[in-house]
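Comments concern the structure below.
The values are calculated or read from the model by the stated rules, or taken from the named source; none is laboratory data. In this text the structure is predicted, and so the values were computed from the model without any measurement. FYI the Cβ positions are ideal-geometry reconstructions off the backbone, even for glycines, and counts take in every protein chain you see. SASA here: full protein model, heavy atoms, side chains in, ligands and nucleic acids out. Shrake-Rupley method; radii C 1.70, N 1.55, O 1.52, S 1.80 Å.
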Amino acid sequence: MAERVYVFDTTLRDGEQAPGYSMNLDEKIKMAKALEALGVDIIEAGFAISSPGDFESVKAIAESVENVVVASLARALKKDIDAAWNAVKGARRPRIHLFLATSDLHLEYKLKMTRAEALERIRENVTYARSLCDDIEFSLEDASRTDLDYMCRVVETAIECGATTVNLPDTVGYATPDEISRMVHYVRDHVPNIDKAIISMHNHDDLGLAVANTISGIEAGARQVECTLCGIGERAGNAALEEIAMILKTRQDHLPYETGIVTTEITRASRLLATTTGIKPYPSKAIVGANAFAHESGIHQHGMMANSQTYEIMTPESVGVSQTSLVLGKHSGQHAFSKKLVELGYSVGKEDEDRLFAEFKRTCDRKKTITDRDIIALVESTEEKESQIWTLESFVVNSGNHMDSTACISLKKDGKVYKDVAIGTGPVYASLRAVEKIIRHPFSLDDYQLSAVTEHRDALGEVLVKVSDASGTYRGRGVSTDVIEASILSTLAAVNRMLSGAKGTMGQGQSASAMSFENDMLTGHTDKSEA
Ligand code: KIV
Ligand code: ZN
């Protein structure tokens, strides 16, 4: 029988530490719920001591999910452990995750401690953490570069003091699969109380070996894997959750291990990450990249038609990719539409369903074939309309290759319509300036991404933007067959969040200066909307 491997997801901690991936409280809660639906066993919700925002989000996640263990990271320090415990104690199944570096390099240069002092610190703090919480994980930071005999003493001590999971990270992504295997075997063979704890893997991807090392660790006896959606994380990231889950599922013949991951939820969860952060996985990314299941070459297509197994080792459906098939059309009624929503896994209230159906009908007028992917994009863009302060009433844009673009936009607020005109070097630029003039709130456009939801000429365009003012950075999404409309809708979604007082995110390296479009013109600053 297949042995169970526990999935510890750290998208919201190690993943969120990566530049550009910061999320606000609501986004983290939504992500945590998606991870719960995905079937992860443990969610590392953050590093409670690191900021009041992190503390609040760990606490809120602990109170929002039910069927998963919720962990907070803590250094081996009393104040960190107290913060972690206060943040997770409201969870049905709380965990404190302590760590201390154990390699000589880290001990000497970073911690300025001897091995004996570090051991004492571990003894004291694991004991203290265990006095608060029954589920304690201890991580030996930089384990893969730690002396093996010292590692065994640390692991033994941590377990003796109450650790129930011991994590052996390859913190800098330096190890190779055989070294990881040797390390895990060594610990299993030389730590007398190792049967009282689960061994965990936490591998970084600096040399592109994170997933291979994780699988090697499992084969050597690790039964917890730490990973993130799409492999996001510090530097080159962590082991990718979806890759580990699909390797174990696809290669059952060779790897008799199972996880609780509901693989059909993978695409939905990774899409949520992409739309929340505005960063899509690169097209050839295994499992979740746009090309992961595309067969372009004639030889492949021929083979696929003869027998799909010639080139397909897993089906797109097994990871929740819905095919580009005609699903509904102009003549479909609300009943069929509502059935389709349920089939796609959405449960929306009556009001949202009515609004979505109206948008669906509007899209049918502009686009012949409506696929599952179109419907998913419409549903996700409706979620953008939670705080609608300003809505789009109408727009007219004039653009050409020998002229400046002009945009005339009407927006509605509290039942009143406001109108303004603006000029720009491109239609998007002109439109966003007109929006800024109407709302009278300067903002800067930090990022703009346009992509097609499906392949054909009449595809829906999806625009993801990041805008900022002094209070932070806000994301927005808009979907339409008209890319200018999608641009305006995405900007309105972002500025509505900005104006409603929703907390923005301030990722590393992102400035929150309120550089207005007016200023951009005056200073010659190149704004990304100059399209
Ligand atoms: O990479 C690492 O070592 C970590 C630990 C804190 C678990 O993230
Ligand atoms: Zn890490």
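A few notes on this one:
- Filtered by the rule that a residue be open to solvent by 10 Å² or more (accessible area, probe 1.4 Å) and out of contact with any Leu (no Cβ under 9 Å at 6 or more places or on another chain), region 1-26 gives Met1, Glu3, Arg4, Tyr6, Glu16, Gln17, Pro19, Gly20, Ser22, Asn24, Leu25, Asp26.
- The one condition in (1) in contact with a His (Cβ under 6 Å, 6 or more places away or on another chain); (2) open to solvent by 10 Å² or more (accessible area, probe 1.4 Å) that Arg130 fails to fulfil: (1)
- Listed by first and then second residue, the pairs with beta-carbon distance under 7 Å, at least 6 apart or on different chains, first residue in region 159-181 and among the small types (Gly, Ala, Ser), second away from ligand 2 (no atom under 15 Å from the Cβ) and open to solvent by 40 Å² or more (accessible area, probe 1.4 Å), are Gly162/Thr127; Gly162/Arg130; Ser181/Glu219.
- Selected residue [closer than 28 Å to Ser270 by Cα, open to solvent by less than 20 Å² (accessible area, probe 1.4 Å) and over 21 Å from the mean Cα position of the chain (by Cα)] from Ile61, Ile42, Ile96: Ile96
- Residue, nearest to ligand 1 (Cβ to nearest atom), within region 232-270, restricted to residues that are among the charged types (D, E, K, R) and under 13 Å from the mean Cα position of the chain (by Cα): Glu242
- Residue count for region 222-266 satisfying the condition of being under 23 Å from Lys280 (Cβ atoms), of a type outside the set (Gly, Ala, Ser) and within 16 Å of ligand 2 (Cβ to nearest atom): 10.
- Complete set of residues in region 107-126 that are open to solvent by less than 30 Å² (accessible area, probe 1.4 Å) and closer than 19 Å to Arg145 by Cα: Leu107, Ala118, Leu119, Ile122
Residues checked against (1) within 13 Å of ligand 1 (Cβ to nearest atom); (2) in contact with a Leu (Cβ under 9 Å, 6 or more places away or on another chain):
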position	(1), (2)
Ile29	no, no
Phe55	no, no
Ile61	no, yes
Val68	no, yes
Ser72	yes, no
Gly90	no, no
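- Any hit, region 324-332, residues being assigned to a helix (DSSP H, G or I) and within 27 Å of Ser270 (Cβ to Cβ): no
- Hey, Arg153 touching a strand residue (DSSP E or B) at 6+ places or on another chain (Cβ under 7 Å), part of a helix (DSSP H, G or I), away from ligand 2 (no atom under 16 Å from the Cβ) and basic (Lys, Arg) or not: no
- Residues being under 11 Å from the mean Cα position of the chain (by Cα) and within 16 Å of ligand 2 (Cβ to nearest atom) - total across region 19-39: 1
- Pairing residues of region 228-256 that are open to solvent by 60 Å² or more (accessible area, probe 1.4 Å) with residues that are of a type in the set (Gly, Ala, Ser), at Cβ distances under 8 Å and at least 6 apart in sequence or on separate chains, gives Glu234/Ala18; Arg235/Ala18; Arg235/Gly173; Lys249/Ser318; Gln252/Ala2; Pro256/Ala2.
- Pairs are defined by a Cβ separation below 6 Å, a sequence spacing of at least 6 or placement on different chains, a first member in region 1-14 that is of a type in the set (S, T, N, Q), and a second member that is open to solvent by less than 30 Å² (accessible area, probe 1.4 Å) and at pLDDT 95 or above; the pairs so defined are Thr10/Glu44; Thr10/Glu226; Thr10/Thr228; Thr11/Thr228; Thr11/Leu229.
- Taking the conditions (1) away from ligand 1 (no atom under 16 Å from the Cβ); (2) among the hydrophobic types (A, V, I, L, M, F, W, C); (3) surrounded by fewer than 24 Cβ atoms within 10 Å (Cβ to Cβ) in turn, Leu273 satisfies each one other than (3).
- In region 420-475, the residues that are of a type in the set (D, E, K, R) and over 27 Å from Arg271 (Cβ atoms): Asp420, Arg433, Glu436, Lys437, Arg440, Asp469
- Any hit, region 184-200, residues being within 25 Å of the chain's Cα centre (by Cα), surrounded by 20 or more Cβ atoms within 10 Å (Cβ to Cβ) and within 16 Å of ligand 2 (Cβ to nearest atom): yes
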